Amino acid sequence: MTEPTPTPLECERGQTLPGEIPPDPPRNASELEAYLRAFTNFETERTLPTDRRALGPRRCAALIERASGFPSKTRVIQIAGSKGKGSTTLWIEALLCSRGESVVATLSPHLERIEERLRIDGRASTEQEFLASLGSLHEALTAIDREEPALRPTFFDLMTAMAVATAERRGSDWLLLEVGLGGPLDSTSAVPHATGILTTVDLEHCAQLGNTLPEIAAEKARIATRGAEFIVFAGAKEDKSALEAACTIATERGARVRRVVDDPRIPASLPPPQRGNLALALSAVEGGGSAPFSSVEVKEVIESIELPGRLELLAGPQPLLLDGAHTIRSIQHFAARLDQLRAGKPATILVGTMHDKSWREAFAPLLRDPEVEWIATGTGGPRAANPNEIAALIREHGRSVEILPLEAAIERLRAVRDRQRAVTGSFRLAGAVRRQWLSSKTP
């Protein structure tokens, strides 16, 4: 597949035009918000572009070339997939940091603050580190805007280039790049990698990636690079056709394909999907030259890691299960974990999602349970699904549902007693709940 020639970012229906790049880099949070409005952010647009010419890594590559240059000594791992990308990135980071390796990583989306998108040695960057990293790109950004305006980067291009610049400036041992959309047309594919990873695949962004699991898997597998490792998760029995499609593409592209199912060093107490994510992480790190991890080391990493918004349990008299699940497979994992926590008791689920996700199909299994009551809310922004439509689906299955604005919905959930409480549907919702939940003294 040839990469599309970049064109000016024309607005499709539901999208907004970017503004002018400010003359100076941002110095604080309020200036940062205004600065970022100059760059198209597909995460917040009503619709994603279907014209492949609007996508592609060339804008990101042009920015990196002008700003920091590509990593010279840093080992790069690129992580693609429908779900599990963020968790796998965090597992890799935790394994490396436990050995004292220096690591820069990207995560998307962020849950509570934008600085989470740029991670340095196992933690989210501070506001000043984030601003300094963005500021280091400013001269290159203005030069591109002046000389090659068709190559003005997008918001996600910026985040990727910031991570590259930070890793290069710090002389980091490793750079972990979580793919945003698809694979070869993603910003992160501007950066050559030593190891590519494909986590699980689900039906998502079909207009951009394909209408079947094999098509989507094949598209995501096109990050595979000749001579580099390409590691795929092979533990999902029902997705053999998708797995074979991915492996075929990666092999054709000259990558060294390795299939990972599980790892005996991982304790049985770690449930799926994190078992698979950790197995991928171990394979990637050890394949990259690290000495093998002992079972004791793996256990210590499991005990120390935080996976916010990823089947996370927020403590309290009645713990809250918090998850950003929004695909069919991820909702299945959410439902399984919820059943474990409920132990046969009733539950209340707060749900909000994005209109362009397959949420009707994803939520259907949960709606069969008569012991679950629902709270539907909006997640904010143009991509949010209408909570009235979510509620209509719930009522079609004969289930009880309240429709509330976001803050009121969170407080309603907080007031629930003697039922298992849970949140699902999007990372945007998970982040809002987490922020409000942890800021209160009465969980």
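The values are calculated or read from the model by the stated rules, or taken from the named source; none is laboratory data. Just so it is clear, the structure is predicted and the values come from calculations on it, not from any experiment. Neighbour counts run over all protein chains shown; Cβ positions are idealised from the backbone, glycine included.
Note on the stretch 412-443: residues that are without any contact (Cβ under 8 Å) to a residue 40 or more places away in the chain and in contact with a helix residue (DSSP H, G or I) (Cβ under 8 Å, 6 or more places away or on another chain) amount to 4. In the stretch 194-209, which residue that is part of a loop (DSSP other than H, G, I, E, B) and farther than 16 Å from Thr251 by Cα is modelled with the highest pLDDT? Within the stretch 194-209, the match that is modelled with the highest pLDDT is Thr199. The set of residues in the stretch 94-115 that are among the small types (Gly, Ala, Ser) and in a loop (DSSP other than H, G, I, E, B) comprises Gly100, Ser102, Ser108. Could you tell me whether any residue of the stretch 181-194 is surrounded by 16 or more Cβ atoms within 10 Å (Cβ to Cβ), acidic (Asp, Glu), under 20 Å from Phe70 (Cβ atoms) and touching a residue at least 24 places away in the same chain (Cβ under 8 Å)? Scanning the stretch 181-194, I find at least one residue that is surrounded by 16 or more Cβ atoms within 10 Å (Cβ to Cβ), acidic (Asp, Glu), under 20 Å from Phe70 (Cβ atoms) and touching a residue at least 24 places away in the same chain (Cβ under 8 Å), so the answer is yes. In the condition set (1) of a type in the set (Asp, Glu); (2) buried (at least 16 other Cβ atoms within 10 Å of the Cβ); (3) under 20 Å from Asp186 (Cβ atoms), Asp263 is compliant with all but (3).
Please determine whether any residue of the stretch 142-165 is of a type in the set (D, E, K, R), assigned by TED's automatic domain parsing to the domain that holds Cys60, part of a strand (DSSP E or B) and more than 17 Å from the chain's Cα centre (by Cα). Walk me through how you get there before you give the answer.
Applying the first criterion (of a type in the set (D, E, K, R)) to the stretch 142-165 yields 145-148, 152, 157.
Checking the rest, the ones that are also assigned by TED's automatic domain parsing to the domain that holds Cys60 come to 145-148, 152, 157.
Narrowing further to those that are part of a strand (DSSP E or B): none.
Checking the stretch 142-165: not a single residue is of a type in the set (D, E, K, R), assigned by TED's automatic domain parsing to the domain that holds Cys60, part of a strand (DSSP E or B) and more than 17 Å from the chain's Cα centre (by Cα).
Which of the residues belonging to the stretch 115-140 are of a type outside the set (Gly, Ala, Ser) and in contact with a helix residue (DSSP H, G or I) (Cβ under 7 Å, 6 or more places away or on another chain)? Within the stretch 115-140, Glu115, Arg117, Leu118, Arg119, Ile120, Asp121, Thr126, Glu127, Phe130, Leu131, Leu134, Leu137 meet the criteria. The selection criterion, being outside any strand (DSSP E or B) and under 16 Å from Leu311 (Cα atoms), holds for Asp339. Filter the stretch 69-93 for residues that are crowded, with 21+ Cβ neighbours inside 10 Å, small (Gly, Ala, Ser) and not in a strand (DSSP E or B) and give the result. Of everything in the stretch 69-93, those that are crowded, with 21+ Cβ neighbours inside 10 Å, small (Gly, Ala, Ser) and not in a strand (DSSP E or B) turn out to be Gly81, Ser82, Gly84, Gly86, Ser87. Only residues that are in a loop (DSSP other than H, G, I, E, B) and either under 19 Å from Lys83 (Cβ atoms) or in contact (Cβ under 8 Å) with a residue 40 or more places away in the chain (or both): list them for the stretch 264-286, please. Hits for the stretch 264-286 are Ile266, Leu270, Pro271, Pro272, Pro273. How many of the residues in the stretch 109-137 are of a type in the set (Ser, Thr, Tyr) and surrounded by fewer than 21 Cβ atoms within 10 Å (Cβ to Cβ)? Total satisfying the criteria: 2.
Taking the listed residues Ser82, Ser68, Ser108, the one that is at pLDDT below 95, in the same structural domain as Ile266 (by TED's automatic domain parsing), within 18 Å of Ser136 (Cβ to Cβ) and hydroxyl-bearing (Ser, Thr, Tyr) is Ser68, with no other qualifying.
With surrounded by 15 or more Cβ atoms within 10 Å (Cβ to Cβ), among the small types (Gly, Ala, Ser) and modelled with pLDDT of 95 or more as the only criterion, which of Ala362, Ala347, Ala325 stands out? Talk me through it step by step, then tell me what you get.
Values: Ala362 fails: modelled with pLDDT of 95 or more; Ala325 fails: modelled with pLDDT of 95 or more.
After ruling out the rest, the residue left standing is Ala347.
Taking the conditions exactly as written (assigned to a loop (DSSP other than H, G, I, E, B) and in the same structural domain as Gly425 (by TED's automatic domain parsing)), does Gly289 satisfy them or not? Judged against the criteria, Gly289 is not a match. Kindly check whether there is at least one residue in the stretch 210-224 that is modelled with pLDDT of 90 or more, assigned to a loop (DSSP other than H, G, I, E, B) and more than 22 Å from Glu286 (Cβ to Cβ). Within the stretch 210-224, one or more residues are modelled with pLDDT of 90 or more, assigned to a loop (DSSP other than H, G, I, E, B) and more than 22 Å from Glu286 (Cβ to Cβ).
Mind telling me which of the residues Leu322, Leu280, Leu350 ends up being closer than 19 Å to Asp263 by Cβ and not acidic (Asp, Glu)?
Working: Leu322 fails: closer than 19 Å to Asp263 by Cβ; Leu350 fails: closer than 19 Å to Asp263 by Cβ.
Result: Leu280 is the single residue among Leu322, Leu280, Leu350 that is closer than 19 Å to Asp263 by Cβ and not acidic (Asp, Glu).
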